[in-house]
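The values are calculated or read from the model by the stated rules, or taken from the named source; none is laboratory data. What you are looking at is a predicted structure, and each value in this text was computed from that prediction instead of being measured. With ideal geometry, Cβ positions are generated from the backbone for all residues, glycine too; neighbour counts draw on all protein chains shown.
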Amino acid sequence: MTYRGPDGPESEQEPLEPAAVEYTEPSVPIDPPKAPPPRESKAWTIALGILGGALLGTGVTLGVLTAAGVLEEPAPPTQPTNPPPPTLTIPAPRDTTQVAVNPGVIADIAGRALPSIVTIESSGFLTDSGGSGVVYGTDGHVITNHHVIEGADDVVVIFSDGARYPATIIGSDPLTDIAVLHTERPDLIPIALGRSEDIRIGGMAVAVGSPLGLAGGPSVTSGIVSAIGRSLDVDGGPPLNGLIQTDAPITRGSSGGALLDQDARLIGITTAIAVSDVGAEGLGFAIPVELAVSVANDLIVDGEVAHALLGVSGNTAFAEEGGATYPVGILVDELLDDSAYEVAGGRVNDVITSLDGLPLTTMDELLARLRLLRADDVVVFGVLRSESRLDLTVTLGRLAP
C-alpha cells in the first residue's frame, strides 16, 4: 500500500476580515456565561447573506492551517533528518443512516422558536443592511453573523412581537463569522440548543430568519440536512469550515438566523447560500451550534477569541488500495514559525491521523476541529511516522488577530 498527496499543493490563506456580503468535539457549555451588559464565470457563487455587497467564492480550498487558526515553522533549529512518509491504512466507512422528515411537526417547531428569532437592522458610514439573530440565554445576548454588523455604528434588534430595541455590539469574530449583541429587553425567551452529534444527513432542518428585511416578523422554511462538514472558500475573507449544508430555503437577510432540528433546537447559525445564474439552488450553509456557542461565550466574557494555532502546513494524505485512493490523514509538508507541533516533537512527513482519540482523515476536518479549540489548550495528536505510530501532546499556540 502506498500513499500520495493531492494533485496540487494546498494554498495558505491568512485570516482576513470578510467583505460586506450579499446574502443570505470538545464540549461546549449549554448555559451562556454571565457578563455585564453593554460593553456569491462559472455560474456558481458562495454568497454570505446580508442585503448588499458581494462575497464571492467558487472553490473549497484545503488551505495551509494558518488560515484556520491551524498552521504556521520556525527556521528549524537543529532538526533531525526527516523520516520517509509512512505506510497508510484505509479507515472504516462512516455511518450514513438517514432520518425521515416529518413535515407535520414544522408548525410546532415554528411556534416554539419564533419568539427567540430576531431581525437586525445595522447602519453606519460603510453599511446600511440587515440580517437575523437568535436570543442566547436570558441576559440580553443575541448571536448573529459578523458580516451582518460589520462596520455598523447603530444596531437595532426587532423581536417577533414587533418590539424594537437598540443593541450594543459586545464582540465580533471574522474568522468564524459570529458576533454577539446585547439588548436591554428583560423578558427574553432563549433559543433551545441542540448538538451536532445528533445531526443526521437526511434529518429535518427548519430555517428561521428575516429574508429581505421584510416587515411582519421572521419567516419559516423547511428541508433536510443535506451534508455536514462542508468547507467554503470565501473571497475577501477566511474559509469557513465544518458547516452544515441544507436545502431549506435561505435568502438574503436570513444571515444570523436559526437552523433547527425536529425538536426546535438550534443546530446552526445560517450564514451562506450558493447561487447560480438562475438563482438559488438549494444549497444553504450554517455554522454548527457548538462553534457558534463557543465563540459567543468567548466574546461575552473576553470580547475576543484566542484561536488556536498548530503551526504546520499540510495536505490531505491519501492511501491507495484496490485501484482507489482514500483520504487517511494530514501529511505535514512544512513546520512554520513558532510551531507548537514542532515543539512537541512533530516533524515534516508526519501524517496526523487523530485528535484526542477521534479520527482525522482530511485537512478540512483538522481545520474544523481546531476552530473549536483555543490557545494553550493541550491536545493529543495520533501520528504515523515511517512505520511507527505515536502520540504527540501539543500545547496549542495562538493565531495572531
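Any residue at all in segment 272-281 that is surrounded by 22 or more Cβ atoms within 10 Å (Cβ to Cβ), modelled with pLDDT under 95, among the β-branched types (V, I, T) and more than 21 Å from A192 (Cβ to Cβ)? Yes; the residues of segment 272-281 include at least one that is surrounded by 22 or more Cβ atoms within 10 Å (Cβ to Cβ), modelled with pLDDT under 95, among the β-branched types (V, I, T) and more than 21 Å from A192 (Cβ to Cβ).
Within segment 237-266, being touching an Asp or Glu at 6+ places or on another chain (Cβ under 8 Å) and of a type in the set (G, A, S) holds for G237, G242, A264. Candidates are the residues of segment 129-145 that are small (G, A, S) and buried (at least 24 other Cβ atoms within 10 Å of the Cβ); the one that is farthest from L188 (Cα to Cα) is S129.
Pairs linking a residue in segment 337-354 that is among the small types (G, A, S) to a residue that is part of a loop (DSSP other than H, G, I, E, B), with Cβ atoms under 7 Å and 6 or more positions apart or on different chains, are S339/E72; S339/E73; S339/P74; S339/G311; A340/L310; A340/G311; A340/L396; S354/L360. Restricting attention to segment 259-269, the residues being within 13 Å of T221 (Cα to Cα) and under 14 Å from the mean Cα position of the chain (by Cα) number 1.
Look at segment 223-242: where a residue is of a type in the set (K, R) and a partner is at pLDDT below 85 and not in a strand (DSSP E or B), sitting 6+ places away or on another chain with Cβ atoms under 9 Å, you get R230/V60. Against the condition within 14 Å of V206 (Cα to Cα) and either hydrophobic (A, V, I, L, M, F, W, C) or modelled with pLDDT of 95 or more (or both), how does A286 come out, does it pass? So A286 passes the test. Filtered by the rule that a residue be under 23 Å from L370 (Cβ atoms) and β-branched (V, I, T), segment 309-327 gives V312, T316.
Screening segment 109-190 for strands (runs of 3 or more DSSP E) wholly inside it with 3 or more residues that are under 17 Å from I269 (Cβ atoms) and within 24 Å of the chain's Cα centre (by Cα) returns the ranges 117-123, 128-136, 141-144, 164-173, 178-182. Right, E365: charged (D, E, K, R) and buried (at least 20 other Cβ atoms within 10 Å of the Cβ) or not? So E365 fits the description; yes.
Candidates in segment 287-339 are the residues that are farther than 19 Å from L396 by Cβ and touching a helix residue (DSSP H, G or I) at 6+ places or on another chain (Cβ under 6 Å); of these, the one that is surrounded by the most Cβ atoms within 10 Å (Cβ to Cβ) is P288. Within segment 259-271, being small (G, A, S) and either part of a strand (DSSP E or B) or at pLDDT below 90 (or both) holds for one residue alone: G268. Within segment 374-389, being more than 16 Å from V328 (Cα to Cα) and surrounded by fewer than 14 Cβ atoms within 10 Å (Cβ to Cβ) holds for D376, V378. Scanning segment 104-125 for residues that are touching an Asp or Glu at 6+ places or on another chain (Cβ under 8 Å) and modelled with pLDDT under 90 gives S122, S123, G124, F125. When T96, T87, T138 are checked against the criterion of being under 30 Å from A344 (Cβ atoms) and either modelled with pLDDT of 65 or more or of a type in the set (S, T, N, Q) (or both), T87 stands alone in meeting it.
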